[in-house]
Amino acid sequence: MTIHAQRRAALARQLGPGGIAIIPTAPERPRNRDSDFPYRHDSYFYYLTGFTEPHACLVLDGAGGSTLFCQPKDLEREIWDGYRLGPEAAVAALGVDTALPSGELEARLPALLENRACVWFPFATHEGLAARVEGWLAKVRARVRFGALCPQQQGDLCLLLDEMRLVKDAHEIGLMREAGAISARAHLRAMRRSARMLAAGEDVREYHLEAELLHEFRQSGAQAPAYGSIVAAGANACVLHYRADRAPVRAGELVLIDAACELDGYASDITRTFPANGRFTGPQRDLYDVVLASQEAAIAATRPGARFTDPHDAAVAVLAQGLLDLGILDRSQHASAADVVATRAYFPFYMHRTGHWIGMDVHDCGSYVEPGEQGQASERRDALSGETIIDRPSRILRPGMALTIEPGLYVRPTPGVPEAFHGLGIRIEDDAVVTEDGCELLTRGVPVAADAIEAVMREEAEAA
């Protein structure tokens, strides 16, 4: 059995007696009046089929039977839009039991739903799908006088598939490892381009560095960026979702790049911050070393049996102490790092979490709450907003789970904060897979230590 057939069989066993699942792929999206955005399949659908064409839908029953609806062969359209697999070839190519033209979906679905106990589909994922399911069920109800039984239950298929996708198998980890290696090489290209152009006295722009990223992604066979590339020069790094634009990259300033590729349906996610000309100033190095130390603490906390929140807590403890040591937070107002954490005084400088799941999607699916402990809720009042927060036990990390580790500090001009740190934004991010005794970092093909970054860029500048 192929990996996709194995996944379909595993999902079918969870549908229950009389269960049936409907999994459509993503629609095409128009970009303007005569062209579409580059097509990207739905992750759930691809996870079960490995099929990347649009206008397709998989129907899976609890006994393991599978029916794929896909575009029929059409030689005229294929001249314009490209090759189609077609239903005739899909059975052998994809290992499904039956393949039918996508135009028959509406007519066939009511019959497939007849005499089923529960219909499963992804809730709140595909616009209009719930209404279509209701329409199909209405046609089944119209046949009850002829002895047809209509499903009495509906289930959110995301609950089942999210748990399956949360733990990666060897095939998935291999793809993510290769995606991480490609993305690391792209970051190295951008670092070197920055050092080389500045050493030559050339005008450097954010888009020059983005071009290096995109070149390496495609040169190495990745299909696309996994997300919009962030290339932020100088104070732009304090804008978390800044996109590469035309701002100048200046010697003496930092550059933050958060960019990575998607390879065969799997994402990577890397952030590096480096001095544009290859040499950290004293304050830049001081702040950078605090962020790197916080990442190292988070990495050490990423191991089986730990909670998903443990790496974040470890990083925040280091960041809090660093903010005090550097004078960014006033010691006269905060007795200790523990006080900084308790009052969330670090929040103006670190306002995001230290990680998220990663896999087929950059922010991959999977609950962040331990399933067997959802009922163990407690309330607390947020120290900054005053809101009531409901805490539930965080997910227990297990081998095969994949997550990012990405602490940062962002120092906007603020009264009381030393001016030497104003406008500095630093984030360091790597992808990790939990192993039997810790975690494997998939993205360390690009340097992370300040000395190593400087060495790479110095070599490039000297060669310019």
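The values are calculated or read from the model by the stated rules, or taken from the named source; none is laboratory data. Not measured: the values here are computed from a predicted model. Every residue, glycine as well, gets a Cβ built from its backbone with ideal geometry; the counts of neighbours run over all protein chains shown.
Odds and ends about this structure:
- You will find that of Leu75, Leu60, Leu94, Leu105, the residue that is in contact with a Ser or Thr (Cβ under 7 Å, 6 or more places away or on another chain) and without any contact (Cβ under 8 Å) to a residue 60 or more places away in the chain is Leu60 and no other.
- Test: Ala301 is touching a Pro at 6+ places or on another chain (Cβ under 9 Å), small (Gly, Ala, Ser), farther than 26 Å from Gly265 by Cα and modelled with pLDDT of 95 or more: yes
- Verdict on Gly438 being in the same structural domain as Ala320 (by TED's automatic domain parsing) and touching a strand residue (DSSP E or B) at 6+ places or on another chain (Cβ under 8 Å): no
Residues are listed down the side, and each one gets a yes or a no for (1) aromatic (Phe, Trp, Tyr); (2) more than 26 Å from Val417 (Cβ to Cβ); (3) touching a residue at least 40 places away in the same chain (Cβ under 8 Å); (4) out of contact with any helix residue (DSSP H, G or I) (no Cβ under 9 Å at 6 or more places or on another chain):
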residue	(1), (2), (3), (4)
Arg331	no, no, no, no
Ala345	no, no, no, no
Met360	no, yes, yes, no
Asp364	no, yes, yes, no
Gln374	no, yes, no, yes
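- Residues satisfying the stated conditions in segment 94-128, i.e. surrounded by fewer than 17 Cβ atoms within 10 Å (Cβ to Cβ), under 31 Å from the mean Cα position of the chain (by Cα) and closer than 24 Å to Pro38 by Cα: Ala124, Glu127, Gly128
- Residue check for Val318: crowded, with 22+ Cβ neighbours inside 10 Å and over 30 Å from His171 (Cα atoms): no
- Checking each residue of segment 376-399 against the condition of being assigned to a loop (DSSP other than H, G, I, E, B), surrounded by fewer than 19 Cβ atoms within 10 Å (Cβ to Cβ), of a type in the set (Gly, Ala, Ser) and touching a Gly at 6+ places or on another chain (Cβ under 9 Å) gives no match.
- Index of the failed condition, Arg29 passing every other in (1) of a type in the set (Lys, Arg); (2) without any contact (Cβ under 8 Å) to a residue 60 or more places away in the chain; (3) buried (at least 16 other Cβ atoms within 10 Å of the Cβ): (3)
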